[in-house]
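J.: Before anything else, here's the structure in question.
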Amino acid sequence: MKIIMLGAPGAGKGTQAKMIAEKYSIPHVSTGDIFRANIKNGTELGKEAKGYMDAGKLVPDELTVKILLDRVAQDDCKNGYVLDGFPRTIPQAEVLEDALTKLGDKIDYAINVDVPDENIVRRMSGRRACLKCGATYHIEHIPPKQEGICDTCGSELVLRDDDKPETVQNRLKVYHDQTQPLIDFYTAKNVLKTVDGTKDMKDVFADITAILG
Ligand code: AP5
Ligand code: MG
């Protein structure tokens with residue numbers, strides 16, 4: 001099963017993608033997590049991506065597409081994957097579609113996690129992320145067992161550099177300008193399913209599994 005998660009920054013794509021990956025035994029592929037791991041490890045790619053990310057802008061398509069295609073060509077993606085944060089522009093969606101068509105394959109579902117802008121800024125300021133294993137917490141909704149420490153791997157939790165309120169506003173603008181058109185793109189392909197992302201995360205997940213079966 002090949003699934004795309006769509007939705008505004010902070011809509012809960014990562015939270016839901018992790019649960020989907022576990023239930024259906026497919027890898028969770030997040031371009032944002034790949035960039036953050038590269039920034040943490042001080043790679044050339046990380047250095048290049050950081051400037052765009054901290055400003056709330058998109059990393060250029062050329063860079064992002066290559067990373068994503070390399071990742072989904074790996075062995076563990078043979079039986080499917082859940083993409084989180086990719087595609088984010090129409091050109092990215094077209095490249096992905098071409099690559100899949102060449103393999104006689106296609107996307108099965110594009111899940112749009114719908115959350116209005118008003119809810120987003122509040123969510124982001126409470127988010128805490130583990131840069132080592134990619135786990136995500138929220139200081140009110142999903143606190144870690146020990147404050148500031150990841151339950152899964154014991155690393156320190158951080159407020160992401162791009163979760164400052166002014167950067168979140170930029171990310172929302174970029175989302176509406178460049179990513180929202182993908183909703184029409186995948187509607188036209190008959191794979192778009194929208195879920196109400198303002199519900200409790202367990203209820204959002206129940207709505208998603210009702211769609212995926
Ligand atoms: P990326 O890492 O993809 O960030 P994003 O899309 O902005 O989304 P987030 O990760 O912020 O939110 P999310 O929807 O995953 O929400 P989460 O589950 O964490 O990208 C970061 C940057 O990298 C981009 O700005 C760009 O620069 C670059 N980039 C990445 N991919 C790219 C691409 N393809 N092309 C170009 N550039 C790219 O949830 C948010 C918070 O809410 C958490 O604290 C969570 O615990 C909480 N929460 C989740 N669900 C609920 C719920 N139902 N109720 C209450 N709280 C909830
Ligand atoms: Mg995320």
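J.: Ignoring the sites themselves, what is the longest stretch of the chain with no GluC sites (Glu not before Pro) in a DSSP loop and at most 10 other beta-carbon atoms within 10 Å?
T.: Numbers: sites that count: Glu140, Glu147.
Maximal segment without exposed cleavage sites: 1-139.
J.: Straight-line reach from Lys23: which aspartates and glutamates have Cα under 17 Å away, leaving out those fewer than 8 places along the same chain?
T.: Candidates past the 8-residue exclusion: Asp76, Asp84, Asp108, Asp203, Asp207.
J.: Taking the Cα-to-Cβ direction at Asp203 and at Glu97 and moving 7 Å from each Cα, how far apart do the two end points lie in nm?
T.: Placing both labels 7 Å beyond Cα along the Cβ direction yields 3.4 nm.
J.: Let me ask something additional. Roughly speaking, what is the stretch gain from Asp184 to Ile90, that is 0.36 nm per residue apart minus the C-alpha to C-alpha distance, in nm to one decimal?
T.: Value of the extension gain: 32.8 nm.
J.: Working out 0.36 nm times the residue gap between Glu22 and Asn79, then minus their Cα-Cα distance, what length gain in nm do you get to one decimal?
T.: Working: separation 57, 0.36 × 57 = 20.52 nm, distance 1.37 nm.
So the chain would gain 19.2 nm between Glu22 and Asn79.
J.: List the relative contact order of region 85-213 as a percent without decimals, with contacts defined as Cα pairs under 8 Å and 6+ residues apart.
T.: Reported relative contact order: 34 percent.
J.: Along the Cα→Cβ direction, 7 angstrom out, place labels at Asp105 and Glu62. What is the inter-label distance in nm?
T.: The modelled label-to-label distance comes out at 2.6 nm.
J.: In addition: Only Cα pairs under 8 Å and at least 6 apart count here; give the relative contact order of region 111-162 as a rounded whole percent.
T.: It comes to 32 percent, rounded to a whole number.
J.: Given C-alpha coordinates of the chain, what is the ratio Rg to Rh with the Kirkwood estimate of Rh?
T.: Rg divided by Rh gives 0.93.
J.: Which whole number of Å³ per residue matches the convex hull of the alpha-carbon atoms in region 108-194?
T.: Convex hull volume per residue, Cα atoms: 120 Å³.
J.: Order Thr136, Thr64, most accessible first, counting only protein heavy atoms with a 1.4 angstrom probe.
T.: Output order, biggest surface exposure first: Thr136, Thr64.
J.: Rounded to the nearest 0.05, what FRET efficiency do Ile149 and Arg122 give with R0 = 30 Å and r taken as the Cβ-Cβ distance? Could you check?
T.: Taking R0 as 30 Å, the efficiency between Ile149 and Arg122 is 0.80.
J.: I've got another one for you. Each residue of region 124-130 in turn: what ³J(HN,Hα) in whole Hz from Karplus with 6.51, -1.76, 1.60 and θ = phi - 60°, glycine and Pro shown as x?
T.: 5, 5, x, 6, 10, 10, 9
J.: Could you calculate the FRET efficiency of Asp70 with Met1 from 1/(1 + (r/R0)^6), where r is the beta carbon distance between them and R0 is 35 Å, rounded to 0.05?
T.: After rounding to 0.05, the efficiency reads 0.95.
J.: Just how many pairs of Lys in region 43-141 have C-alpha atoms closer than 29 Å, counting pairs that are eight or more places apart or on different chains?
T.: Close lysine pairs under the 29 Å cut-off: 15.
J.: Could you identify which residue out of Gln16, Gln146, Gln169 has the top mean-square fluctuation in a GNM of the chain using Cα springs shorter than 10 Å?
T.: Gln146
J.: Next question. Using DSSP to call loops (not H, G, I, E or B), can you name the trypsin sites (Lys or Arg not before Pro) in region 52-103 whose Cβ has at most 16 other Cβ atoms within 10 angstrom?
T.: Lys57, Lys78
The values are calculated or read from the model by the stated rules, or taken from the named source; none is laboratory data. Computed from a predicted structure; not experimentally measured. Cβ: placed from backbone, ideal geometry, glycine included. Neighbour counts: every protein chain shown. Quick note on the areas: whole protein, heavy atoms, side chains included, nothing else; ligands and nucleic acids left out. Shrake-Rupley method; radii C 1.70, N 1.55, O 1.52, S 1.80 Å.
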